[in-house]
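What follows is a set of notes on a single structure, which appears directly below.
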Amino acid sequence: MKFFVDTADVGEIRELADTGLLDGVTTNPSLVAKTGRDFFEVVAEICQVVEGPVSAEVAATEFDAMLAEGRKLAGIADNIAVKVPLTRAGLKTCKALTGDGVKVNVTLCFSANQAILAAKAGATFISPFIGRLDDIAMDGMQLIEDICDIYVNYPSFTTEVLVASIRSPKDILEAARIGADVATIPPNVLWSLFNHPLTDNGLAAFLADWEKTGQSIL
Ligand code: E4P
């Protein structure tokens with residue numbers, strides 16, 4: 001399973017990239033606004049920090065403008081994945097951009113039928129938002145299961161299932177069990193995956209016993 005981080009904060013991205021376990025980054029207009037920085041500047045910087053795909057979202061809603069924006073964003077770096085919303089114009093833009101050889105992440109997916117459309121449009125990634133479905137008392141993880149089950153029936157679909165709107169480590173575990181390709185994870189949730197109190201206690205005990213031996217490895 002690939003791990004992307006869902007943030008536009010370059011400091012946080014650098015720290016996570018340093019673990020060697022980060023495969024990509026997703027941003028959205030809300031995350032960019034949170035940084036208070038220039039969109040192009042921040043996205044270009046992120047593309048230098050990580051080698052994997054960096055999603056940058058268009059702001060236009062009409063096809064012509066969306067395509068022009070997508071092409072401009074794709075010009076920032078080779079690892080850009082242009083993010084388009086799951087609308088008619090978004091899917092048309094997806095098809096045109098993938099035809100240009102550009103990676104496309106189709107975002108704001110809330111149904112399996114929408115995911116089928118994105119795969120038919122040649123999306124590189126489909127982003128079902130599980131947390132936002134859970135927020136309205138629907139079952140986000142059921143959507144991931146449905147999409148994975150459907151995609152496997154059609155070997156011509158190359159779209160990767162990118163689980164988005166993740167709220168907790170449990171979401172990642174369940175998505176991994178289902179076999180989703182990618183999880184885009186908020187930084188605090190990603191860091192929390194490293195932690196277990198028994199690891200901390202066990203390490204403290206080993207180090208205390210090692211100290212008693214009076215030996216050193218180097
Ligand atoms: C994914 O690409 C989105 O940026 C993100 O996962 C949205 O998550 P939210 O529902 O927590 O805003």
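The values are calculated or read from the model by the stated rules, or taken from the named source; none is laboratory data. Note that the structure is predicted; figures quoted are calculated from it, not measured. Cβ placement follows ideal geometry from the backbone for every residue including glycine, while neighbour counts extend to all protein chains displayed. What goes into the accessible areas is simple: the full protein's heavy atoms, side chains included, and nothing from ligands, DNA or RNA. Shrake-Rupley method; radii C 1.70, N 1.55, O 1.52, S 1.80 Å.
Some notes on this structure:
- Counting only strands (runs of 3 or more DSSP E) that sit completely within the stretch 41-133, zero hold 2 or more residues that are on the phi > 0 side of the Ramachandran plot and within 16 Å of the ligand (Cβ to nearest atom).
- The stretch 171-192 residues that are within 17 Å of I150 (Cβ to Cβ), paired with ones that are more than 16 Å from the ligand (Cβ to nearest atom) and assigned to a helix (DSSP H, G or I) (beta carbon under 6 Å, 6 or more apart): I178/E145; I178/C148; G179/C148
- Taking helices (runs of 4 or more DSSP H) as the structural unit, those lying wholly within the stretch 163-218 and holding at least 1 residues that are more than 24 Å from D18 (Cα to Cα) and out of contact with any strand residue (DSSP E or B) (no Cβ under 8 Å at 6 or more places or on another chain) correspond to 169-178, 197-213.
- When the residues of the stretch 43-66 are filtered to those that are touching an Asp or Glu at 6+ places or on another chain (Cβ under 9 Å) and among the aliphatic types (A, V, I, L, M), the one that is nearest to A164 (Cα to Cα) is V58.
- Among the residues of the stretch 24-40, those identified as open to solvent by 40 Å² or more (accessible area, probe 1.4 Å) and within 14 Å of the ligand (Cβ to nearest atom) are P29, S30, A33, K34, T35.
- Checking each residue in the stretch 108-133 for being of a type in the set (A, V, I, L, M, F, W, C) and closer than 17 Å to C94 by Cα picks out L108, C109, A115, I116, L117, A118, A119, A121, A123, F125, I126.
- Top-ranked residue in the stretch 138-157 [being within 15 Å of the ligand (Cβ to nearest atom) and not β-branched (V, I, T); ranked as farthest from V25 (Cα to Cα)]: M138
- Within the stretch 76-110, the set of residues being closer than 23 Å to Q48 by Cβ, surrounded by fewer than 24 Cβ atoms within 10 Å (Cβ to Cβ) and over 16 Å from the mean Cα position of the chain (by Cα) comprises I76, A77, D78, D100, G101, V102.
- Residue check for L143: more than 17 Å from F3 (Cα to Cα) and open to solvent by less than 30 Å² (accessible area, probe 1.4 Å): yes
- The single condition among (1) away from the ligand (no atom under 14 Å from the Cβ); (2) touching an Asp or Glu at 6+ places or on another chain (Cβ under 9 Å); (3) not polar (S, T, N, Q) that L16 does not satisfy is (2).
- Set R132, R177: member being open to solvent by 90 Å² or more (accessible area, probe 1.4 Å) and over 22 Å from T27 (Cβ atoms): R177
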